[in-house]
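**Student:** Before anything else, here's the structure in question.
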Amino acid sequence: MTLVPPREPSETLLRRPSSLDPAELGFTPRKPVAWLSPTQLAATGIRVAFAAQFGAYLDKRELQLALPTAVHAEHAQDEELWLDYIADLGDGFDATYSMAYLLAQDNVEVNDGVLPRGQVVVLGGDQVYPTASSAAYEDRFEGPYKAAFPQPITETSPHIFALPGNHDWYDGLTAFLRLFARRNGNHIGGWVTKQTRSYFALKLPHGWWLLAIDAQGDAYLDDPQLEFFRGVAATFERGDRIIIAIPQPSWMQTDSSPRIYDTIDYFLRSVIDPSGAEVAVMVSGDLHHYSRYASKDAPRQLINCGGGGAYTAATHQLDDEILVPPRYSMLRRASTQVRYTLQKTYPSKMRSQFLGSRVFGRLPWRNWGLGVLLGIVQTMLLLAFQNEEGRIITTPIFLMVSVIVAAGIFFSYGLTEGEQRMWPVVLGSLHGAAHVVLGIVGWLVWKQLPFHDLPWPLPVLSAVAFYLPFAGLAALLLVAAYLLVASRFRVNLNELFAGQGIEDFKSFLRMRIAPDGTLTIYAVGVDKISKKWVPQSAGSWFRPEKPLQPRLVDDPIVFAAPVRTPSEDDAAHMPSGLSTPTL
C-alpha cells in the first residue's frame, strides 16, 4: 500500500494553474451532488442512519473541553468592520467557486454601490456535501476557496470562522476540527483560521458581538459550550447587541418540528437574557435560499441565507406568518411568543413555483441513474406478469408489488422532515401504486408486440434492450409528477428541488458596522453562476468568462447602535473566577 503525503498549503499558492486539470489545481473540481442517484441515496441513508443511531457516541462537543478557547477580539477596537456570512457552500465547483470568487474580490459592485471585502468571513454550516471527510473538504471547499483567494498571509489577512452543519457532523466533526480548529491556526488560501472549537464568540466594534452556537437539531447544548457562552455573556455590558449564528433556521421549522427551537430558546433565556444584552438578529443556513422574518412587536430579525453553493431550495411554501417560540414547545418555561411576518425571499415565491414546475425537464437529465434503477424495476415487473400467463395474484407479482409500494412509502415518509405522519404515508402509497399501474399498462402494451412469443431467452433480452429505457423514462416522469403534487402538501418538497440540482440563485450576507455603531446587512444575490472559467495571472486563479452580476436581493437592513449602560451589579452575573468584565 502506497501512502501519499498530504499536500502542503503553500504548494498550491506558489504556482498558478492554466486549466481545471486536477494535476495542476492540487484538488479535483467536483460536479454537484446527484441527490437522487441510487448510490448516493443508499450511501447517504446509511450515513444518516448511523449518525442517528450512534450520534451521541460520535458527539465530540464534550471532548472539546480539552481544547483551548478564547473570545476573538481582534477587531473589537476597529472604527469600522465589514463581515461576510455564507452558508451551505461545499457542493459543485462552479457554484462554490462563483461565490468564493465574489467573497475574495476587493469590492463587490451592487445596485450602483460598492461593498468592500469582509475582514472576517463566517461560514454558517454545511461546508461540504454530501458527507464529511478530509478528501471531500479538500475538493468541495478548501480547494475552491484557495483558488479564489491565493494570497500570502500577512498581519492584515482576513479571518475565517466556521460553524458546523449536519453534513459536517456525519463523521463526528473529525474532519471539520482538523481543518478549522487547529491549535496553532491554519489558513485556507488567504483566509486565516482562528477558532479552536466548533463554536466561537467574536467581539466586534461598538458593543456588537457574534455568537456562533453549535446546536444540532433538537439535541441539548453540551455543558462545556454552555459554560463557555455563560463566561462570554458575563463580559457583556448592558445594551450590547448580539448577532447569533445557528446551523439551521429553527424558527421556520416550529410547526413540523416544534422541539427544534427549544434548544435555542433555552440558550436565549439562560445565557443572553440575564446579561442585559439584546439579540438583534439571528442568522442561519441549512435551507438553500434567502428569507427574512421581522416583527412589529420585537426589534429582532430572523434571516436564513443558505445560498453558498448547494442546490437552490423552495421558497413558495414558506409561511407568511410564524410564531416564535412555537405554540407546542416542550419546555416548561419558554420565552414570550412573538408573531413574525415574512418580509423577503430569494428567489421570490413566484420564481420558486416556476423552478419547481421545471422538474419534468431537469429530473430525467440530472438523475439518469435513478431512471436506470426504475427501468430495471419496471422490467422485472413486466417479466413477472409475462411469466404468469395472465394470472394477477402470484408470489412473484405479489413480491414485486409489495416492494414497489414499500419503496414509495419509504421515499415519502423517510425523506420528509418534521412530524408529519399521515400525508407521507398516503402520498407514498399512492406513488407506489401509480408505478404498479404504470407496470400493468406497460405489460398490456408489450403483449401487443411480437417480442412476447420469441423463444427463450429472447423475450428477456428484448425487454432489457427495448422496454427498459422507455419504462425508465416513463417512471422518472411519474416521479416528477409525484414530487410536484406531493410538494403542495409539504411532502418531499426538498426532493423536488434537490432532484433538479439548480445551481443558480446564490446569496451571501455582507455586514457593515459603521463608525457610529449602526449595523447594516446587505443581502447579495447572484441570479446566474458561471460555468466557464478563464485562468488569469493575478488575483483569483480563474475569473468567470462572463462577469457575474451580483445585486441586492433585499433592502439594506439597518440596526441601531448599541446603547451601553454598565451597571454596578454586572459582577453578579460573572461566573466564579472572573472579577471584571474585561476579556
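The values are calculated or read from the model by the stated rules, or taken from the named source; none is laboratory data. Just so it is clear, the structure is predicted and the values come from calculations on it, not from any experiment. Using ideal geometry, Cβ is built from the backbone for each residue, glycine included, and neighbour counts are taken over all protein chains shown.
**Student:** Looking at region 276-287, I want the residues that are over 16 Å from ALA87 (Cα atoms) and have a partner that is of a type in the set (Gly, Ala, Ser) with Cβ atoms under 9 Å, at least 6 apart or on another chain. Which pairs are those?
**Tutor:** Partner pairs satisfying both residue conditions: GLY276/GLY239; GLY276/SER567; ALA277/GLY207; ALA277/ALA233; ALA277/GLY239; GLU278/GLY239; ALA280/ALA560.
**Student:** May I pose another question? Only residues in region 553-574 that are surrounded by 13 or more Cβ atoms within 10 Å (Cβ to Cβ) and at pLDDT 60 or above count as the first member; pair them with residues that are aliphatic (A, V, I, L, M) and assigned to a loop (DSSP other than H, G, I, E, B), Cβ under 9 angstrom, at least 6 apart or cross-chain, and list the lot.
**Tutor:** Short answer, once both residue conditions are applied: ALA561/ALA514; PRO562/ALA277.
**Student:** Would you check which residues across region 136-171 are of a type in the set (Gly, Ala, Ser), in a loop (DSSP other than H, G, I, E, B) and under 17 Å from the mean Cα position of the chain (by Cα) and list them?
**Tutor:** The answer is GLY165, and nothing else.
**Student:** Pull out all pairs, ordered by first then second residue, where Cβ-Cβ is under 6 Å, the residues are six or more apart or on different chains, the first lies in region 302-315 and is in the same structural domain as ARG140 (by TED's automatic domain parsing), and the second is in a strand (DSSP E or B) and small (Gly, Ala, Ser).
**Tutor:** Qualifying pairs under 6 Å: ASN304/SER284; ASN304/SER291; CYS305/SER507; GLY307/SER507.
**Student:** Please count how many residues of region 512-570 are in a loop (DSSP other than H, G, I, E, B) and acidic (Asp, Glu). Talk me through it step by step, then tell me what you get.
**Tutor:** Of all residues in region 512-570, those in a loop (DSSP other than H, G, I, E, B) come to 514-518, 527-532, 536-541, 545-549, 553-556, 560-567.
Still in the running and acidic (Asp, Glu): 516, 527, 545, 554-555.
Of the residues in that region, 5 qualify.
**Student:** Against the definition (more than 40 Å from the chain's Cα centre (by Cα) and among the β-branched types (Val, Ile, Thr)), how does VAL460 come out, yes or no? First the steps, then the outcome.
**Tutor:** Values: more than 40 Å from the chain's Cα centre (by Cα): yes; among the β-branched types (Val, Ile, Thr): yes.
Yes.
**Student:** Report yes if THR131 is in a helix (DSSP H, G or I), touching a helix residue (DSSP H, G or I) at 6+ places or on another chain (Cβ under 9 Å), β-branched (Val, Ile, Thr) and closer than 23 Å to PRO22 by Cβ, otherwise no.
**Tutor:** Judged against the criteria, THR131 is not a match.
**Student:** Same structure again: Inside region 498-511, can you point out the residues that are at pLDDT below 95 and either outside any loop (DSSP other than H, G, I, E, B) or among the small types (Gly, Ala, Ser) (or both)?
**Tutor:** ALA498, GLY499, GLY501
**Student:** Now, a different point. Looking at LEU89, LEU103, which one is buried (at least 21 other Cβ atoms within 10 Å of the Cβ), at pLDDT 90 or above and in a helix (DSSP H, G or I)?
**Tutor:** Step by step, each of LEU89, LEU103 is checked, and only LEU103 is buried (at least 21 other Cβ atoms within 10 Å of the Cβ), at pLDDT 90 or above and in a helix (DSSP H, G or I).
**Student:** Say we look at region 329-351 and pick out the residues that are part of a loop (DSSP other than H, G, I, E, B) and in contact (Cβ under 8 Å) with a residue 40 or more places away in the chain; which of these is nearest to ALA471 (Cα to Cα)?
**Tutor:** First pass over region 329-351, keeping only residues part of a loop (DSSP other than H, G, I, E, B): 329-337, 347-348.
Those left that are additionally in contact (Cβ under 8 Å) with a residue 40 or more places away in the chain: 329-331, 333-335, 347.
On the way: SER329: 47, MET330: 48, LEU331: 51, ARG333: 56, ALA334: 54, SER335: 54, PRO347: 34 Å.
Only one residue fits best here, namely PRO347.
**Student:** Let me ask you something else. What do you reckon, is GLY185 modelled with pLDDT under 95 and crowded, with 24+ Cβ neighbours inside 10 Å?
**Tutor:** On the way: modelled with pLDDT under 95: yes; crowded, with 24+ Cβ neighbours inside 10 Å: no.
So GLY185 fails the test.
**Student:** To continue, here is another question. Which one is surrounded by the fewest Cβ atoms within 10 Å (Cβ to Cβ) among residues in region 321-351 that are of a type in the set (Lys, Arg), modelled with pLDDT of 90 or more and closer than 30 Å to ASP273 by Cβ? Talk me through it step by step, then tell me what you get.
**Tutor:** Taking region 321-351 as the starting set, the residues that turn out to be of a type in the set (Lys, Arg) are 327, 332-333, 339, 344, 349, 351.
In the following step, the residues that additionally are modelled with pLDDT of 90 or more were identified as 339, 344, 349, 351.
If we keep only those that are closer than 30 Å to ASP273 by Cβ too, we end up with 339, 344.
Values: ARG339: 13, LYS344: 17.
It comes out as ARG339.
**Student:** If you check LEU302, LEU373, which single one turns out to be over 24 Å from the mean Cα position of the chain (by Cα) and not polar (S, T, N, Q)?
**Tutor:** On the way: LEU302 fails: over 24 Å from the mean Cα position of the chain (by Cα).
The unique qualifying residue is LEU373.
**Student:** Name the one entry in VAL401, VAL405, VAL436, VAL485 that is among the hydrophobic types (A, V, I, L, M, F, W, C) and within 30 Å of TYR261 (Cα to Cα).
**Tutor:** It is VAL485.
**Student:** Would you mention how many residues in region 66-86 are closer than 21 Å to SER530 by Cα and part of a helix (DSSP H, G or I)?
**Tutor:** 0
**Student:** So, restricting to helices (runs of 4 or more DSSP H) that lie completely within region 368-465, which ones have at least 3 residues that are within 26 Å of ALA481 (Cα to Cα) and modelled with pLDDT of 85 or more? Before you say what the answer is, go through the steps one by one.
**Tutor:** On the way: elements: 368-387, 395-414, 422-447, 458-462.
By residue number, 368-387, 395-414, 422-447.
**Student:** Residue check, ALA313 against (1) touching a helix residue (DSSP H, G or I) at 6+ places or on another chain (Cβ under 8 Å); (2) of a type in the set (A, V, I, L, M, F, W, C); (3) in a helix (DSSP H, G or I), all met but one. Which one?
**Tutor:** (3)
**Student:** Considering only region 131-150, how many residues are buried (at least 17 other Cβ atoms within 10 Å of the Cβ), modelled with pLDDT of 90 or more and not aromatic (Phe, Trp, Tyr)?
**Tutor:** Within region 131-150, the subset buried (at least 17 other Cβ atoms within 10 Å of the Cβ) is 131-132, 136-150.
With the extra rule that they be modelled with pLDDT of 90 or more, the set shrinks to 136-150.
Those left that are additionally not aromatic (Phe, Trp, Tyr): 136, 138-140, 142-144, 146-148, 150.
Total meeting the criteria: 11.
**Student:** Another question about this same structure. What's the number of the condition GLN378 fails, among (1) free of Cβ contacts under 8 Å to residues at least 60 places away in the same chain; (2) surrounded by 17 or more Cβ atoms within 10 Å (Cβ to Cβ)?
**Tutor:** Evaluating GLN378 over (1) free of Cβ contacts under 8 Å to residues at least 60 places away in the same chain; (2) surrounded by 17 or more Cβ atoms within 10 Å (Cβ to Cβ) leaves (1) as the failure.
**Student:** Turning to a different aspect of this structure: Only residues in region 107-132 that are without any contact (Cβ under 8 Å) to a residue 40 or more places away in the chain count as the first member; pair them with residues that are in a loop (DSSP other than H, G, I, E, B) and among the charged types (D, E, K, R), Cβ under 8 angstrom, at least 6 apart or cross-chain, and list the lot.
**Tutor:** ASN107/ARG117; PRO116/ASP106
**Student:** Which of the residues that make up region 352-363 are in contact (Cβ under 8 Å) with a residue 12 or more places away in the chain and surrounded by fewer than 19 Cβ atoms within 10 Å (Cβ to Cβ)?
**Tutor:** Across region 352-363, the qualifying residues are GLN353, SER357, ARG358, PHE360, ARG362.
**Student:** Going through region 508-523 one residue at a time, which ones are surrounded by 14 or more Cβ atoms within 10 Å (Cβ to Cβ) and in contact with an Asp or Glu (Cβ under 9 Å, 6 or more places away or on another chain)?
**Tutor:** Selection gives PHE508, LEU509, ARG510, MET511, ARG512, ILE513, ALA514, ILE521, TYR522, ALA523.
**Student:** What is the residue count in region 498-528 for residues that are under 18 Å from VAL122 (Cβ atoms), touching a helix residue (DSSP H, G or I) at 6+ places or on another chain (Cβ under 6 Å) and of a type in the set (D, E, K, R)?
**Tutor:** Within region 498-528, residues that are under 18 Å from VAL122 (Cβ atoms), touching a helix residue (DSSP H, G or I) at 6+ places or on another chain (Cβ under 6 Å) and of a type in the set (D, E, K, R) number 1.
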